[in-house]
C-alpha cells in the first residue's frame, strides 16, 4: 500500500515540492471538496436514530464544537455516534475492571481488560477520524475560507517567531 496523498494546500504549506500551475490545478480538481455546514445549518445535523437517547446531549455538544471548528458534516454523524457508544462502553468496562481488581478476581480482570482494550481501540479510531485527538488535528488542513481572520499584530508576531525557528 502506497503513501497517502496529501492535500495540495498541505504540500504548498510545507514548501518542499515544486508543482507547476497545471499540476496544481490537476491535483485540486482531483481532491474531494466538502464544505462545512453554513452558519446555523450545523444544528440541523441530527443524531443517528440508532444512538441511545442518553447520548444525544453529548452528540449535540460535540457536534456544535466540531461544526464551529469547520471539520464536521452530515457524513460524520455516524462516526460521532460510534465514538460516543465506544466511549460509553469503555467507561463501563473500566468500572468492571476496577470492581474485579477490588474483588481480586484475576479471571474477571483479564476478561474485562480485553473488553476495555477493544473499546479503547474503537474509541481512539473514531476520535482520530473526527479530529478529536491532538495528532489528528495536526494532520488537518482547514481551507482558507474557514480559517478565522488573523489579527495583523498577531500575524507579525507569528512571522517573527517563525523566522527565529528557521534561524535556530
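Readers should treat all values here as calculations from the given coordinates under stated rules, not as data from a laboratory. These figures come from a predicted structure and were not determined experimentally. With ideal geometry, Cβ positions are generated from the backbone for all residues, glycine too; neighbour counts draw on all protein chains shown.
To make sure I understand, if each residue's beta carbon is the centre and we count other beta carbons within 10 Å, what order do 51, 75, 19 fall in, fewest to most? The partial results should precede the final answer.
Numbers: 51 19, 75 9, 19 13.
Ascending number of Cβ neighbours within 10 Å: 75, 19, 51.
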Ascending count of other beta-carbon atoms within 10 Å, so fewest first, for 157, 72, 120, 59: 157, 120, 59, 72
Sorted by Cβ neighbour density within 10 Å, fewest at the top, the residues 90, 54, 83: 54, 90, 83
